[in-house]
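See below for the structure under consideration.
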Amino acid sequence: MTPFTKWQPASDARPLVKICGLTRVDNALACAEAGADIIGLVFFPKSPRDVSKARAGEITRALPGEIPTCGVFVDADYDTLMATVDQTGIRIVQLHGSESPDLATRMSEQGLVVVKAFFAAREPGLEKASEYPDADFCLAEYGRGILPGGNAESWDYGLAKGFASGNRLMLAGGLTPENVSIAVRETNPGAVDISSGVEASPGIKDIEKVSRFIQNAKSPA
(Lines give C-alpha, C1' and ligand atoms only; values in the text may rest on other atoms or scores of the structure.)
Protein backbone atom coordinates (compact mmCIF):
# COMPACT_ATOMS: atom_id res chain seq x y z
CA MET A 1 0.00 0.00 0.00
CA THR A 2 1.31 3.45 -0.90
CA PRO A 3 1.57 5.60 2.24
CA PHE A 4 -1.01 8.34 2.64
CA THR A 5 -0.22 12.01 2.81
CA LYS A 6 -0.41 12.76 6.52
CA TRP A 7 -3.28 15.04 7.47
CA GLN A 8 -2.43 18.56 8.55
CA PRO A 9 -4.97 20.92 10.13
CA ALA A 10 -6.01 23.85 7.96
CA SER A 11 -5.14 26.33 10.70
CA ASP A 12 -2.27 26.61 13.17
CA ALA A 13 -4.70 27.73 15.87
CA ARG A 14 -4.63 25.50 18.93
CA PRO A 15 -6.06 23.64 20.61
CA LEU A 16 -7.66 21.46 17.98
CA VAL A 17 -11.00 20.04 19.10
CA LYS A 18 -11.83 16.37 18.62
CA ILE A 19 -15.47 15.39 19.17
CA CYS A 20 -15.44 11.65 19.73
CA GLY A 21 -17.93 8.81 19.75
CA LEU A 22 -20.13 9.87 16.83
CA THR A 23 -22.57 7.31 15.46
CA ARG A 24 -24.75 9.25 12.98
CA VAL A 25 -23.95 11.10 9.79
CA ASP A 26 -26.18 14.10 10.50
CA ASN A 27 -24.80 14.50 14.00
CA ALA A 28 -21.21 14.33 12.76
CA LEU A 29 -21.93 16.98 10.12
CA ALA A 30 -23.49 19.23 12.74
CA CYS A 31 -20.37 18.89 14.92
CA ALA A 32 -18.18 19.82 11.95
CA GLU A 33 -20.36 22.84 11.21
CA ALA A 34 -20.03 23.87 14.86
CA GLY A 35 -16.26 24.00 14.44
CA ALA A 36 -14.92 20.56 15.33
CA ASP A 37 -11.49 19.87 13.83
CA ILE A 38 -11.60 16.07 14.13
CA ILE A 39 -14.50 13.61 14.35
CA GLY A 40 -13.84 10.49 16.42
CA LEU A 41 -15.31 7.07 15.67
CA VAL A 42 -15.07 4.24 18.20
CA PHE A 43 -14.28 0.71 17.03
CA PHE A 44 -14.66 -1.15 20.33
CA PRO A 45 -17.62 -3.53 20.73
CA LYS A 46 -17.90 -3.01 24.49
CA SER A 47 -18.45 0.71 24.06
CA PRO A 48 -21.99 2.15 23.78
CA ARG A 49 -20.51 4.34 21.02
CA ASP A 50 -19.19 1.46 18.93
CA VAL A 51 -19.81 2.12 15.24
CA SER A 52 -19.87 -0.25 12.29
CA LYS A 53 -17.30 0.09 9.54
CA ALA A 54 -20.08 0.76 7.05
CA ARG A 55 -21.46 3.65 9.11
CA ALA A 56 -17.94 4.96 9.75
CA GLY A 57 -17.35 5.08 6.00
CA GLU A 58 -20.60 6.99 5.48
CA ILE A 59 -19.59 9.55 8.10
CA THR A 60 -16.10 9.96 6.64
CA ARG A 61 -17.39 10.47 3.10
CA ALA A 62 -20.05 12.98 4.21
CA LEU A 63 -17.65 15.29 6.05
CA PRO A 64 -15.82 18.19 4.39
CA GLY A 65 -12.42 17.12 3.12
CA GLU A 66 -10.52 19.14 5.71
CA ILE A 67 -12.28 17.40 8.62
CA PRO A 68 -10.74 13.95 9.17
CA THR A 69 -12.16 11.02 11.07
CA CYS A 70 -10.17 9.36 13.83
CA GLY A 71 -10.68 5.69 14.58
CA VAL A 72 -10.37 4.72 18.25
CA PHE A 73 -9.04 1.19 18.81
CA VAL A 74 -8.14 -0.92 21.84
CA ASP A 75 -5.30 -3.40 21.31
CA ALA A 76 -6.08 -4.00 17.64
CA ASP A 77 -3.25 -5.46 15.56
CA TYR A 78 -1.65 -3.87 12.49
CA ASP A 79 -3.67 -5.84 9.93
CA THR A 80 -6.96 -4.99 11.64
CA LEU A 81 -6.05 -1.33 11.82
CA MET A 82 -5.05 -1.10 8.17
CA ALA A 83 -8.11 -3.03 7.00
CA THR A 84 -10.32 -0.56 8.87
CA VAL A 85 -8.41 2.38 7.39
CA ASP A 86 -9.00 0.92 3.93
CA GLN A 87 -12.71 0.25 4.51
CA THR A 88 -13.63 3.52 6.22
CA GLY A 89 -11.28 6.24 5.00
CA ILE A 90 -10.11 7.27 8.47
CA ARG A 91 -6.78 9.10 8.46
CA ILE A 92 -6.12 9.23 12.21
CA VAL A 93 -5.73 6.17 14.42
CA GLN A 94 -6.07 6.39 18.19
CA LEU A 95 -4.36 3.55 20.04
CA HIS A 96 -6.19 3.35 23.36
CA GLY A 97 -4.83 0.17 24.88
CA SER A 98 -1.41 -1.37 25.51
CA GLU A 99 -0.13 -1.01 21.95
CA SER A 100 3.64 -1.06 21.42
CA PRO A 101 5.86 1.80 20.22
CA ASP A 102 6.60 -0.32 17.16
CA LEU A 103 2.91 -0.39 16.19
CA ALA A 104 2.68 3.39 16.51
CA THR A 105 5.74 3.71 14.28
CA ARG A 106 4.34 1.35 11.65
CA MET A 107 1.07 3.28 11.49
CA SER A 108 2.92 6.59 11.21
CA GLU A 109 5.03 5.18 8.38
CA GLN A 110 1.78 4.65 6.45
CA GLY A 111 1.13 8.40 6.56
CA LEU A 112 -1.51 8.13 9.28
CA VAL A 113 -1.72 10.55 12.18
CA VAL A 114 -1.20 8.52 15.36
CA VAL A 115 -2.75 9.30 18.74
CA LYS A 116 -1.48 7.16 21.63
CA ALA A 117 -3.33 7.20 24.94
CA PHE A 118 -1.66 7.32 28.36
CA PHE A 119 -3.31 7.38 31.77
CA ALA A 120 -2.96 8.95 35.20
CA ALA A 121 -4.66 6.05 37.01
CA ARG A 122 -3.47 2.95 35.16
CA GLU A 123 -0.98 1.64 32.61
CA PRO A 124 0.41 2.79 30.31
CA GLY A 125 1.16 5.71 32.60
CA LEU A 126 1.79 9.27 31.51
CA GLU A 127 5.53 8.77 31.94
CA LYS A 128 5.54 6.23 29.08
CA ALA A 129 4.91 8.93 26.44
CA SER A 130 8.64 9.34 25.78
CA GLU A 131 8.74 5.74 24.55
CA TYR A 132 6.49 6.65 21.58
CA PRO A 133 8.43 9.23 19.56
CA ASP A 134 6.38 8.57 16.40
CA ALA A 135 3.01 9.35 18.02
CA ASP A 136 1.75 12.65 16.63
CA PHE A 137 -0.38 13.17 19.72
CA CYS A 138 -0.01 11.77 23.23
CA LEU A 139 -3.48 11.66 24.75
CA ALA A 140 -3.59 12.11 28.52
CA GLU A 141 -6.60 11.07 30.55
CA TYR A 142 -7.55 9.60 33.90
CA GLY A 143 -8.27 6.00 32.92
CA ARG A 144 -10.14 4.84 36.01
CA GLY A 145 -13.33 2.94 35.27
CA ILE A 146 -14.74 -0.08 33.50
CA LEU A 147 -14.07 1.14 29.95
CA PRO A 148 -10.72 2.13 28.41
CA GLY A 149 -11.81 5.76 27.97
CA GLY A 150 -12.22 8.55 30.47
CA ASN A 151 -15.56 7.33 31.84
CA ALA A 152 -16.65 10.99 32.22
CA GLU A 153 -14.42 11.48 35.29
CA SER A 154 -12.60 14.77 35.64
CA TRP A 155 -9.11 14.69 37.14
CA ASP A 156 -6.13 16.86 37.98
CA TYR A 157 -5.39 18.10 34.47
CA GLY A 158 -2.22 19.76 35.72
CA LEU A 159 -0.67 16.28 35.88
CA ALA A 160 -0.62 16.30 32.08
CA LYS A 161 1.38 19.49 31.81
CA GLY A 162 4.79 18.80 30.35
CA PHE A 163 4.32 15.06 29.81
CA ALA A 164 4.16 15.65 26.05
CA SER A 165 6.06 18.49 24.47
CA GLY A 166 4.43 21.31 22.53
CA ASN A 167 1.44 20.46 20.38
CA ARG A 168 1.76 16.71 21.00
CA LEU A 169 -0.48 16.84 24.08
CA MET A 170 -4.13 15.89 23.55
CA LEU A 171 -6.10 16.36 26.76
CA ALA A 172 -9.12 14.18 27.57
CA GLY A 173 -11.14 12.73 30.39
CA GLY A 174 -14.09 14.40 32.08
CA LEU A 175 -13.92 17.59 30.03
CA THR A 176 -17.09 19.67 29.73
CA PRO A 177 -18.05 23.06 28.31
CA GLU A 178 -17.79 24.37 31.87
CA ASN A 179 -14.27 23.17 32.76
CA VAL A 180 -12.43 23.14 29.43
CA SER A 181 -11.26 26.76 29.68
CA ILE A 182 -9.49 26.07 32.98
CA ALA A 183 -8.02 22.80 31.67
CA VAL A 184 -6.65 24.53 28.57
CA ARG A 185 -5.12 27.33 30.62
CA GLU A 186 -3.48 24.80 32.95
CA THR A 187 -1.97 22.55 30.30
CA ASN A 188 -1.73 24.46 26.98
CA PRO A 189 -2.58 21.35 24.94
CA GLY A 190 -2.28 20.93 21.21
CA ALA A 191 -5.74 19.33 21.19
CA VAL A 192 -8.67 18.49 23.44
CA ASP A 193 -10.88 15.43 23.14
CA ILE A 194 -14.46 15.09 24.40
CA SER A 195 -17.27 12.57 24.13
CA SER A 196 -19.76 12.14 26.98
CA GLY A 197 -19.38 15.74 28.16
CA VAL A 198 -21.36 17.01 25.17
CA GLU A 199 -23.85 14.18 24.73
CA ALA A 200 -27.60 14.04 24.69
CA SER A 201 -27.31 10.23 24.89
CA PRO A 202 -24.45 7.78 24.19
CA GLY A 203 -23.26 8.37 20.64
CA ILE A 204 -25.54 11.38 20.04
CA LYS A 205 -24.09 14.85 20.63
CA ASP A 206 -25.97 17.88 21.90
CA ILE A 207 -24.88 20.50 19.35
CA GLU A 208 -25.50 23.42 21.70
CA LYS A 209 -23.06 21.82 24.17
CA VAL A 210 -20.62 21.06 21.34
CA SER A 211 -20.67 24.70 20.24
CA ARG A 212 -20.07 25.98 23.78
CA PHE A 213 -17.26 23.48 24.31
CA ILE A 214 -15.49 24.52 21.11
CA GLN A 215 -15.87 28.22 21.87
CA ASN A 216 -14.57 27.81 25.43
CA ALA A 217 -11.67 25.57 24.34
CA LYS A 218 -10.47 27.89 21.62
CA SER A 219 -11.00 31.15 23.53
CA PRO A 220 -10.36 30.30 27.17
CA ALA A 221 -11.29 33.22 29.43
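The values are calculated or read from the model by the stated rules, or taken from the named source; none is laboratory data. Keep in mind it's a predicted model, so treat the numbers as computed, not measured. Glycine also receives a Cβ, built like all others from the backbone with ideal geometry; neighbour counts cover every protein chain displayed.
Among the residues of segment 108-117, those that are surrounded by fewer than 24 Cβ atoms within 10 Å (Cβ to Cβ) and not in a loop (DSSP other than H, G, I, E, B) comprise Ser108, Glu109, Val113. Only residues that are among the small types (Gly, Ala, Ser), buried (at least 24 other Cβ atoms within 10 Å of the Cβ) and at pLDDT 90 or above were counted across segment 147-196, and they come to 5.
Every condition in (1) at pLDDT 95 or above; (2) touching a Leu at 6+ places or on another chain (Cβ under 9 Å); (3) assigned to a loop (DSSP other than H, G, I, E, B) holds for Glu66 except the one numbered (2).
Only one of the listed residues (Glu99, Glu131) is touching a residue at least 24 places away in the same chain (Cβ under 8 Å), loosely packed, with under 14 Cβ neighbours inside 10 Å and more than 13 Å from the chain's Cα centre (by Cα). That residue is Glu131. The sole residue among Arg61, Arg91 that is out of contact with any strand residue (DSSP E or B) (no Cβ under 8 Å at 6 or more places or on another chain) and under 22 Å from Gly203 (Cα atoms) is Arg61.
Residue pairs whose Cβ atoms lie under 7 Å apart, separated by 6 or more positions or on different chains, with the first residue in segment 5-34 and in a loop (DSSP other than H, G, I, E, B) and the second hydroxyl-bearing (Ser, Thr, Tyr), are Cys20/Ser195; Gly21/Ser195; Ala34/Ser211.
Scanning segment 43-63 finds no residues that are in contact with a Gly (Cβ under 7 Å, 6 or more places away or on another chain), in a strand (DSSP E or B) and of a type in the set (A, V, I, L, M, F, W, C). Summed over segment 35-50, the residues that are more than 13 Å from Lys205 (Cβ to Cβ), touching a residue at least 40 places away in the same chain (Cβ under 8 Å), surrounded by fewer than 17 Cβ atoms within 10 Å (Cβ to Cβ) and not basic (Lys, Arg) give a count of 1.
If the requirement is being among the acidic types (Asp, Glu), closer than 16 Å to Asp193 by Cβ and under 17 Å from the mean Cα position of the chain (by Cα), which of these qualifies: Asp37, Asp75, Asp50?
On the way: Asp75 fails: closer than 16 Å to Asp193 by Cβ; Asp50 fails: closer than 16 Å to Asp193 by Cβ.
Exactly one residue qualifies, and that residue is Asp37.
Tally the residues that are more than 15 Å from Glu99 (Cα to Cα) and either modelled with pLDDT of 95 or more or out of contact with any Gly (no Cβ under 7 Å at 6 or more places or on another chain) (or both), restricting the search to segment 114-126. Full working, then the answer.
Start the filter on segment 114-126 by keeping residues that are more than 15 Å from Glu99 (Cα to Cα), which leaves 120-121.
Narrowing further to those that are either modelled with pLDDT of 95 or more or out of contact with any Gly (no Cβ under 7 Å at 6 or more places or on another chain) (or both): none.
Selection size over segment 114-126: 0.
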